[in-house]
């Protein structure tokens with residue numbers, strides 16, 4: 001029949017969900033997840049720039065549009081740098097330490113994309129006030 | 001710090017922390033004179049004369065800590081090559097930090113990956129305009145985040161923020177490399 005609409009497939013739904021996910025998220029700015037890399041002098045000297053670089057490469061390759069990467073100053077625990085923390089809407093903050101490019105790539109895949117905290121790299125879960 | 005590019009990122013992070021809206025990073029190489037000059041200039045909150053005079057003291061910080069190592073590390077790296085560091089700052093106007101290096105000195109650190117440093121700076125502070133200038137002899141490379149347009153980034157549609165960052169890294173490293181040939 002001419003003009004008949006094509007049936008929606010599961011793949012279409014997945015694509016639409018991915019495209020519109022950001023609009024339904026809880027956090028201001030519309031991001032589902034936010035990763036912050038500590039970029040103080042201690043962090044930079046320990047390799048934080050490489051962590052940031054790996055994260056940007058991974059984020060670009062994944063095509064995820066609801067994840068934001070940013071930086072912050074010294075995290076106050078210079079001996080455990082490079083450090084980063086991951087915030088996912090509706091979940092406690094997870095702070096990771098002693099990072100490198102390989103570790104952050106695993107965190108990106110397992111925690112940010114799949115929602116499983118990489119416990120072996122985690123320093124603490126929760127806000128400063130809770131540990 | 002392993003190389004000059006890491007110092008650049010570290011000092012430029014100070015500029016961002018000082019509330020700068022514009023950060024200029026300039027690297028001038030003079031192979032004939034055997035010198036390298038690094039300038040980082042911002043329009044952040046600036047420092048009074050007393051604070052600026054103490055900025056290179058590792059046991060001084062203006063950020064409520066008991067130490068501040070970024071500027072002392074850079075000064076040490078410069079002095080080890082026979083160079084030095086100067087800070088010009090005015091409260092409310094901004095800060096310009098200039099450091100000079102002996103390019104052929106045995107203790108001169110490698111330049112490192114400046115593209116990656118600018119990328120990390122822009123990624124962490126997307127609202128700050130970052131200008132990077134590299135000069136070697138008469139060759140000059142100039143990069144300005146305000147001049148970036150989608151055409152530079154990717155053909156066939158707007159690029160995402162991470163894609164833009166990777167392009168910035170590549171543009172800067174290619175720009176420097178070509179002028180070093």
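Any read-out appearing in this document is the output of simple, stated calculations on the displayed coordinates, not a laboratory observation. The shown structure was predicted, so the numbers you read here are calculated from the model rather than taken from an experiment. Note that each Cβ is placed from the backbone with ideal geometry, even for glycine, and that neighbours are counted across all protein chains shown.
Between residue B:49 and residue B:88, the simple spin-label model (points 7 angstrom out along Cα→Cβ) gives 1.6 nm.
Taking every DSSP beta bridge that has both residues in chain B, what percent is antiparallel when rounded to the nearest 5?
The antiparallel proportion sits near 80 percent.
Once you reduce segment B:118-143 and segment A:38-73 to the center of their Cα atoms, the two points are 18 Å from each other. Once the C-beta distance of residue A:89 and residue B:22 is scaled by a Förster radius of 45 Å, the resulting FRET efficiency is 0.85 to the nearest 0.05.
What ranking do B:116-122, B:77-83 get when scored by the average of other Cβ atoms within 10 Å per residue, highest first?
Values: B:116-122: 26.6, B:77-83: 19.3.
Peptide ranking by packing, descending: B:116-122, B:77-83.
Rounded to the nearest 500, the helix-only mean residue ellipticity at 222 nm of chain B stands at -11000 deg cm²/dmol, with each DSSP H run of n ≥ 4 adding -39,500 (n - 2.57).
Give me the inter-chain shielding for B:7-17: mean count of other chain Cβ atoms within 10 Å, whole number please.
Shielding by partners across B:7-17 averages 4.
Taking every Cα-Cα distance in segment A:26-130 and sorting them into 10 Å bins from zero, the calculated P(r) comes out as 16, 53, 29, 2 percent. For the protein assembly as shown, the alpha carbon positions stretch 79, 50, 37 Å along the principal axes, listed from largest to smallest.
Taking every residue in A:41-48 and counting other chain Cβ atoms within 10 Å of its Cβ, the average works out to 6. Between residue B:2 and residue A:62, the modelled labels are 2.5 nm apart [label points 7 Å from Cα along Cα→Cβ].
For residue A:105, put the label point 7 Å out on the Cα→Cβ axis and report which residues of segment A:41-67 keep their amide N under 14 Å from it. In segment A:41-67, the label zone of residue A:105 (backbone N under 14 Å from the point 7 Å along Cα→Cβ) covers A:50-62. Legend: mean number of C-beta atoms from other chains within 10 angstrom of residue C-beta atoms, peptide A:66-79, equals 3.
With each label modelled as a point 7 angstrom along the Cα→C-beta vector, the residue B:66-residue A:70 pair spans 3.1 nm. When each of B:29, A:110 is scored by the number of other beta-carbon atoms lying within 10 Å, the sequence from fewest to most is A:110, B:29. Note on B:61, B:5: ascending count of other Cβ atoms within 10 Å places them as B:61, B:5, the fewest first. Counting pairwise Cα distances across chain B, what percent come out greater than 24 angstrom? Value for chain B (Cα pairs over 24 Å): 38 percent.
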